[in-house]
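Following: one structure in structure tokens, then a few remarks.
The values are calculated or read from the model by the stated rules, or taken from the named source; none is laboratory data. The structure presented is a predicted model; accordingly, all values stated were derived computationally and were not measured. Cβ placement follows ideal geometry from the backbone for every residue including glycine, while neighbour counts extend to all protein chains displayed. Accessible surface areas use protein heavy atoms only, side chains included; no ligands, DNA or RNA. Shrake-Rupley method; radii C 1.70, N 1.55, O 1.52, S 1.80 Å.
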Amino acid sequence: MDGNERWVDGKLTHPDRDPGRRQFVAEEQDPYGVILSCIDSRVPPELLFDTGLGDLFVMRTGGQVVEPVVIGSVEYGPMTSGTPLIVVLGHQRCGAVKAAYKALKDNKPLPGNLQAIAEALRPAYEETAKAKHADPVDAMIRIHTKQTSAALRSNADLAPLVKKGDLAVVSAYYSLDTGRVEVLTGAPSA
């Protein structure tokens, strides 16, 4: 979050981004966080958290949806090297969620494999549809992000790490307008 504050304030330090760091991590990595975010080109985790080479495991999928291979990729850091943090990062004006919302609302499937993304977002759509929201797409983004982090937090392989306090699984929301990351759920207690 300190790195995000630097991003918001425009006071970037660009840590761990030089040949010395490249050599340091060439043989082994020990990232302090896992970020599961959207493929959106405006949401590069390494930049918005002002991090560098070897600092984060990053997975990006449309609407940060998860399936078994992505879940395995998220599990990799905590289960193999004790990475203590997973952040599921949703973001403002997510095109994948907007398309899924419209497709599900209108009952008109998206073309090709885009429909798989819409189906993965169906639980968030259904939760969103239960109430009135000024901006239902934004509500769906936040709901999906919280649902995904809750599912990871209770995952059979990650839950024991969470219970022991060795892993925090956080949901967060990135504002395209301000650059700020807002923690939604799962923030570890100090």
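Key figures
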{"item": "Cα gyration tensor of region 94-185 - equivalent ellipsoid semi-axes, whole Å, descending", "result": "26, 17, 12"}
{"item": "Burial ranking of peptide ranges 81-87, 128-134 (average Cβ count within 10 Å, highest at the top)", "result": "81-87, 128-134"}
{"item": "Heavy-atom accessible surface of region 1-185: percent carbon and sulfur, 1.4 Å", "result": "55 percent"}
{"item": "Average accessible area per residue (Å²) across the chain - probe 1.4 Å, nucleic acids and ligands excluded", "result": "54 Å²"}
{"item": "Residue-span extension gain [Q23 to S175] - 0.36 nm each, minus C-alpha spacing", "result": "51.3 nm"}
{"item": "5 Å binning of all Cα-Cα separations within region 44-131, expressed as whole percents from 0 upward", "result": "3, 12, 20, 20, 16, 13, 10, 5, 1"}
{"item": "Exceeding the 18 Å Cα-Cα cut-off - candidates K102/K132; K98/K132; K108/K130; K105/K146; K105/K130", "result": "K108/K130; K105/K146"}
{"item": "Separation of alpha-carbon centers, region 147-179 and region 16-66, rounded to whole Å", "result": "17 Å"}
{"item": "Radius of gyration and Dmax over the Cα atoms of region 1-185, both given in Å", "result": "16.9, 53"}
{"item": "Beta bridge orientation in the chain: antiparallel %, DSSP, nearest 5", "result": "20 percent"}
{"item": "Contour excess over end-to-end distance, with Cα ends at I39 and K130 and 0.36 nm allotted per residue", "result": "30.0 nm"}
{"item": "Protection proxy ranking, peptides 16-23, 143-150, 41-48, average beta carbon neighbours within 10 Å, highest first", "result": "143-150, 41-48, 16-23"}
{"item": "For region 7-48, alpha-carbon Rg over 2.2 N^0.38 Å", "result": "1.40"}
{"item": "Most mobile listed residue (D106, D138, D55) in the chain, GNM with C-alpha springs under 10 Å", "result": "D106"}
